[in-house]
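Okay, structure first, notes after.
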Amino acid sequence: MRNDIRYSATVHDADEGGYWVEVPALPGCYSQGDTIDQTLENAIEAVELYLDTLREEGRAIPKDEDVVFQVTVAV
């Protein structure tokens with residue numbers, strides 16, 4: 001039986017061009033790509049590998065309990 005888990009991912013502009021992404025609920029889980037779509041695809045792969053490693057080590061799978069919002073302010 002497969003369970004889907006949702007993780008927040010934060011995408012940043014990379015200084016050298018393209019983008020990089022971090023998954024805050026999974027410390028050290030990062031990836032990168034030339035486009036946002038590619039970066040998010042790479043993030044999914046990085047999360048899957050991260051979780052596979054946790055399973056192999058018999059460690060618990062973290063939940064992402066963060067809720068991410070964007071707010072708009074006048075400047």
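The values are calculated or read from the model by the stated rules, or taken from the named source; none is laboratory data. Keep in mind that what you see is a predicted model, and the values were worked out from it rather than measured. No Cβ is skipped: glycine too gets one built from the backbone with ideal geometry, and neighbour counts run over all protein chains shown. In case anyone asks, the SASA skips ligands and DNA or RNA and just uses the protein heavy atoms, side chains included. Shrake-Rupley method; radii C 1.70, N 1.55, O 1.52, S 1.80 Å.
V67 to R2: FRET efficiency via 1/(1 + (r/R0)^6), r the Cβ-Cβ distance, R0 25 Å, to the nearest 0.05? Walk me through the intermediate numbers first.
Numbers: r = 24 Å, r/R0 = 0.97.
It comes to 0.55.
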Among (i) 13.7; (ii) 12.6; (iii) 12.9, which one is Kirkwood radius over Cα pairs in Å computed from these coordinates? (i)
Take the solvent-accessible surface of the protein heavy atoms, probe 1.4 Å, and return the percent of it on the chain that carbon and sulfur atoms account for. 48 percent
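Counting only heavy atoms of protein chains, what accessible area per residue, in Å², does the range 12-71 have with a probe of 1.4 Å?
On the way: 4560 Å² over 60 residues.
Here the residues of the range 12-71 average 76 Å² of exposed surface.
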